[in-house]
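Q: Have a look at this one.
The values are calculated or read from the model by the stated rules, or taken from the named source; none is laboratory data. It should be emphasised that the depicted structure is a prediction, and the values quoted were computed from it without experimental measurement. Positions of Cβ are generated from backbone atoms using ideal geometry, with glycine treated the same way; all protein chains shown enter the neighbour counts. Note: areas computed on protein heavy atoms with side chains; ligands, DNA, RNA excluded. Shrake-Rupley method; radii C 1.70, N 1.55, O 1.52, S 1.80 Å.
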Amino acid sequence: MSKGLSVLDDKVSVITGAASGIGRALAMGLWHKGCHLALIDINEDGLHQLQEELIRSTKGRRASLHIADVGSKVRMKDVSAEVIEAHQTIHLLINNAGIGYEAAFPQTSLEAWERIMAVNLWGTIHACHFFMPHLAKAEQAHIVNLSSLFGIVAMAGQTAYSTTKFAIRGFSESLWEELSETSIGLTVVHPGSVATNIMKTSSGDDPLLMQRLADWFEKNGIRPEKCAAQIITAIEKGKPRLLITPEVVFADWVKRLMPVVGNKAIGDLVIRTLGLEDMREKRRRQWQETMVEGDPWD
């Protein structure tokens, strides 16, 4: 179904969320494969540090920096023009930028919904919209969209985040069909526990819980470099779908067999694994209080 970029040398890759985590590891991996890079992130300092490290390791390739909030339609339109001015063409678009949010639905403000939808979903749509015409001009091109374990299974406290990641999955699977007769391939990626700083930069209604999650992911998650290596291989082979980490493979299997019961079973397993039984009880109390009070939400 999907087409791969079997030769990455001298190709131009656009990476959103490139300053840290999986995005940074992808930048390093693709650079050593011979790619020129257009690096997009809102973190200017992180981008400059990455650029300096890239240039120190290998000379003769281009690494342009583009400071941007991917949720901004106006800015992303300008970024697409900047990238083409710097590189003349692009072959690979990786939509990696994302943020997390941990709270039950009643405790998730509309402002929080707007922000996570802007970055996680609209960021992906903006990049595809503005870069697709340039990808279409390449003899061979590829798109990578980052979904999540929570784009396969949903659990309490992840209402907003799961909404965006399920949406990216649906968006990507629709594009599989629309791009099937074109020169553009697409891979949708579902990572599980990866030791990135997304939990440290995420928000929610319980800062202590967010710190516990950040500590757990740092201690137990796979390294971003390992995740990036699997994604690069998927790009080269043209895999339409990539499940990273054993828990994602297991969740996908269970969810296929038992769509409803499996969702709860995987949620229970995640909560036990992370030691978050107290969080589940807190969510139950919050919902009970919301239902009893019956007042309009802020």
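Q: Could you please find all residues in region 130-169 being more than 17 Å from the chain's Cα centre (by Cα) and closer than 20 Å to residue 182 by Cβ?
A: Here is the first cut: in region 130-169, the ones more than 17 Å from the chain's Cα centre (by Cα) are 130-141, 155-157.
Selection gives 130, 131, 132, 133, 134, 135, 136, 137, 138, 139, 140, 141.
Q: A further question on this structure: What number goes with the only condition from (1) open to solvent by 50 Å² or more (accessible area, probe 1.4 Å); (2) touching a Leu at 6+ places or on another chain (Cβ under 6 Å); (3) under 27 Å from residue 178 (Cα atoms) that residue 13 does not pass?
A: (1)
Q: Separate question: Step by step: first the residues of region 18-52, then only those that are part of a helix (DSSP H, G or I) and out of contact with any helix residue (DSSP H, G or I) (no Cβ under 8 Å at 6 or more places or on another chain), then the one that is farthest from residue 96 (Cα to Cα). Which residue is that? Explain how you work it out, then say what you get.
A: So in region 18-52, the residues part of a helix (DSSP H, G or I) come out as 21-32, 44-52.
Narrowing further to those that are out of contact with any helix residue (DSSP H, G or I) (no Cβ under 8 Å at 6 or more places or on another chain): 23, 44-45, 47-49, 51-52.
Working: 23: 6, 44: 16, 45: 18, 47: 14, 48: 18, 49: 18, 51: 18, 52: 21 Å.
Here the residue is 52.
Q: Right, something else. Could we say that residue 20 is in contact (Cβ under 8 Å) with a residue 12 or more places away in the chain, in contact with a Cys (Cβ under 9 Å, 6 or more places away or on another chain) and either among the small types (Gly, Ala, Ser) or open to solvent by 10 Å² or more (accessible area, probe 1.4 Å) (or both) here? Working first, answer last.
A: Details: in contact (Cβ under 8 Å) with a residue 12 or more places away in the chain: yes; in contact with a Cys (Cβ under 9 Å, 6 or more places away or on another chain): no; either among the small types (Gly, Ala, Ser) or open to solvent by 10 Å² or more (accessible area, probe 1.4 Å) (or both): yes.
Taking the combined requirement at face value, the residue does not satisfy it.
Q: Residues that are under 26 Å from residue 267 (Cα atoms) and modelled with pLDDT of 95 or more: list the helices (runs of 4 or more DSSP H) wholly contained in region 120-217 that include at least 1 such residues. Explain how you work it out, then say what you get.
A: Values: elements: 123-137, 159-178, 198-201.
Helices (runs of 4 or more DSSP H) meeting the threshold: 159-178.
Q: How many residues, within region 1-17, are part of a strand (DSSP E or B) and over 17 Å from residue 69 (Cα atoms)?
A: Filtering region 1-17 down to residues part of a strand (DSSP E or B) leaves 12-16.
Still in the list and also over 17 Å from residue 69 (Cα atoms): 12-13.
Total satisfying the criteria: 2.
Q: Looking only at region 252-290, count how many residues are aliphatic (A, V, I, L, M), in a helix (DSSP H, G or I) and either in contact (Cβ under 8 Å) with a residue 24 or more places away in the chain or open to solvent by less than 40 Å² (accessible area, probe 1.4 Å) (or both).
A: Kept after step one, since they are aliphatic (A, V, I, L, M), are these residues of region 252-290: 254, 257-258, 260-261, 265-266, 269-271, 274, 276, 279.
Remaining after also requiring in a helix (DSSP H, G or I): 254, 257, 261, 265-266, 269-271, 274, 279.
Next, from what is left, pick out any that are either in contact (Cβ under 8 Å) with a residue 24 or more places away in the chain or open to solvent by less than 40 Å² (accessible area, probe 1.4 Å) (or both): 254, 266, 270-271, 274, 279.
Final tally of qualifying residues: 6.
Q: So which of 52, 44 is over 21 Å from the mean Cα position of the chain (by Cα) and over 29 Å from residue 237 (Cβ atoms)?
A: Numbers: 44 fails: over 21 Å from the mean Cα position of the chain (by Cα).
On inspection, the qualifying residue turns out to be 52.
Q: List the number of the failed condition for residue 102; all other conditions in (1) open to solvent by less than 10 Å² (accessible area, probe 1.4 Å); (2) over 20 Å from residue 185 (Cα atoms); (3) not in a strand (DSSP E or B) hold.
A: If we test residue 102 against (1) open to solvent by less than 10 Å² (accessible area, probe 1.4 Å); (2) over 20 Å from residue 185 (Cα atoms); (3) not in a strand (DSSP E or B), just (3) comes out false.
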